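The values are calculated or read from the model by the stated rules, or taken from the named source; none is laboratory data. Nothing here was measured: the structure is a model prediction, and the numbers come from that model. Virtual Cβ from ideal backbone geometry, glycine too; neighbours counted across all protein chains shown. All accessible areas refer to the heavy atoms of the entire protein, side chains included, with ligands and DNA or RNA removed. Shrake-Rupley method; radii C 1.70, N 1.55, O 1.52, S 1.80 Å.
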Amino acid sequence: PSGEVAFLRQGVLARAPLSGGPPKEVLKGVIAADWAPDGADFAVVRDAKEGLRIEFPVGRVLATVARVSRLRVSPDGRHVAIAEHPTLDDDRGLVVILDRDGRRVAKTGEWASLDGIAWAPDGREVWLTASAVGADNAVHALSLDGRVRPVLAGMGRLVLHDVAPDGRALLDLDYSEERLR
């Protein structure tokens, strides 16, 4: 809505006009971020002594966790979803939905591989790419009431990047050489 793009570069959250122009630094020490629906604020993950802080809006701590790879704000701005990983350098993890008071509304069980989350257009569930065994991810959905359902079976390592308002999903199939060895 703001006509800008946000990006992370070496731990610095910045924003820049889509039409071009210099980036404006927003915040340092950021590991992950997502826009609020109105484009005025962000949800962020920042490093702290006690662990990683989930903040939404910036400065308001919702939770502290060990490790997070992804963070997404719901279309209505009432929830934040995170991909939480218990171990460094391991993609094993779970998806957790937090409300604006930091309460855990829903969560999945632990996945053997988890990479990619995005809210469904209606904001009633989070889509995720994960696998119960191995690393060949499929698309699943976690509803606000905690139910998990399959969305799309996959062969290979699917990674969900985003879901458009009309329900189209931006996915990629990871064929990295490292995975093929």
Kirkwood Rh in Å, taken over segment 39-181 so that all alpha-carbon pairs contribute: 15.3 Å
Proximal lysines to Lys107, defined as alpha-carbon separation beneath 30 angstrom and excluding residues fewer than eight positions away on the same chain: Lys28, Lys49
Rounded FRET efficiency, nearest 0.05, which uses the C-beta distance separating Glu50 from Ala132 and R0 of 35 Å: 0.70
J(HN,Hα) series, segment 146-153, from Karplus relation 6.51 cos²θ - 1.76 cosθ + 1.60, nearest Hz, glycine and proline x: x, 7, 10, 9, x, 10, 8, 6
222 nm mean residue ellipticity, helices alone, for the chain (DSSP H n ≥ 4; -39,500 (n - 2.57); rounded to 500): -500 deg cm²/dmol
Of all accessible heavy-atom area on segment 79-140, the percent that carbon and sulfur account for (1.4 Å): 48 percent
Segment Ala164-Asp99, extension gain: residue separation times 0.36 nm, minus the distance between their alpha carbons: 21.2 nm
Chain lengthening between Ala40 and Leu88 when straightened (0.36 nm per residue, less Cα-Cα): 14.1 nm
Surface per residue (accessible, 1.4 Å probe) for segment 1-138, Å²: 48 Å²
Sequence-distant residues sharing a close amide H with Val58 (under 5 Å, placed H): Phe42
